[in-house]
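Quick notes on the structure that follows.
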Amino acid sequence: MRPGWVAMFGSGEIAPGAQRVYDAVMRQLDAPVRVAVLETPAGFELNSPRVAGRIAEYLEQHLRNHNPQVTLVPARKRGTPFSPDDPAVIAPLWGSNLLFMGPGSPTYAVRQLRDSLAWQALVARHRLGAALALASAATIALSAWALPVYEIYKVGEALHWQPGLDFWGAYGLSLVLVPHWNNHDGGDELDTSHCFMGRSRFGELAALLPAGQTVVGIDEHTALLVEVAEGRCWVMGAGGVTIAREGGEEIRHEDGARFSCEELGAFRLPAGPEGLPAEVWARAQATPEASPEAPAGVTAEVTALVAEREAARQRRDWAAADALRGRIAALGWQVRDTPAGPVVGRI
């Protein structure tokens, strides 16, 4: 088992400077680079395909040297046709070697992904070498304790934390990940640092954390890359990363700094299938069935519609599938259903 890299953005995942981060990650992957973009964190938004589509377009336009094949995974909400527990919806995860999640609501992402098939597939694929790229809400959701940003900053709820997905727990780390660490959107009138909480309010929040937590603050337009198999971290971007372990001084690392994962806690590599259902681990170990390469010109919108249509077919909603075929045709493409999955071509 050789887990893949993890890139966690503080912000700016589709800004010009992010290209350097994705390039570093993609260089570690075997070609072809197959990217799955999970819609889940923004699944409650009516335009969630567009939110996810922006990252797809960014990768296709700015990482052309890697020729990434990008698929949107519309795992939006449990109990709907786009559930993160639906094998048909999350199917692209098994064959992808770079998995991305980004903006939205961290607490919504946690509710939809906890113990879901999508989350188990993501964890299993990562342990077997797939890289992860997380931004904004997704970065927070990976924490042992997730910061309910909107609930506090927008709604005015009392200061509190919510249990996160605790991705790093299997690696011996109890991390509280805080993007937008040096945010200054509030200017001189309002302190919006520490993910819009402000320094003073975040201090009160930190006092509410259970013992043994390590806070990792990631600046705007900055990423913390973790070379998991090697146990190394790497800061890349316009700012830096701040690490605050319980009872210790804050440690600051600027762009270009490299340091051991042990600085974050008692780092270890998990036993391969630790914490995963046997059937999920077995599926992840199987040779990925890569979808046929999409022809040149296929847009993220077409890719998303094809994925939605395939999900409709799997649940035998033929009316929805036919309607989606019509929308795809209106964009100049046709879909041919094969035993290996849908194949897209020009009309």
About the Cα centre, charge dipole magnitude for the chain (Lys/Arg +1, Asp/Glu -1 at Cβ), debye: 1120
Would you tally the net charge around PRO273, using a Cβ to Cβ cut-off of less than 14 Å, leaving PRO273 out, and scoring K and R as +1, D and E as -1? +1
With charges only on Cβ, +1 for K and R and -1 for D and E, what is the dipole size of segment 108-225 about its Cα centre, in debye, rounded to 20? 580
Can you tell me the FRET efficiency between ALA278 and ALA31 if r is taken as the Cβ-Cβ distance and R0 is 25 Å, rounded to the nearest 0.05? 0.20
Subtracting the Cα-Cα distance from 0.36 nm times the residue separation, let me have the gained length for GLU230 to ALA319 in nm, one decimal. 27.0 nm
Counting other C-beta atoms within 10 Å, and keeping those with at most 13, which DSSP coil trypsin sites (Lys or Arg not before Pro) do you find in segment 86-164? LYS154
Taking the number of other C-beta atoms within 10 Å as the exposure measure, put PHE202, PHE9 in order starting with the fewest. PHE202, PHE9
Total charge of the residues flanking ALA238 in space, meaning their Cβ is under 15 Å from its Cβ, with Lys and Arg +1 and Asp and Glu -1, is -3
Helix 117-127 sits off the longest principal axis of the Cα atoms of the chain, rounded to the nearest 10 on a 0 to 90 degree scale, by 70
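Could you sort 46-58, 246-258, 90-102, 210-222 so that the peptide with the highest average Cβ count within 10 Å comes first and the rest follow in order?
Going by the mean number of other Cβ atoms within 10 Å, highest first, we get 90-102, 210-222, 46-58, 246-258.
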Rounded to the nearest 0.05, FRET efficiency between THR80 and VAL155 (Cβ-Cβ, R0 30 Å) equals 0.80
Return one quarter of the surface area of the convex hull spanned by the alpha-carbon atoms of the chain, equal to its mean projected area, in nm². 17.3
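Readers should treat all values here as calculations from the given coordinates under stated rules, not as data from a laboratory. The structure displayed is predicted, hence computed values, not measured ones. As a convention, Cβ positions derive from the backbone with ideal geometry for all residues, glycine included, and neighbour counts pool all protein chains shown.
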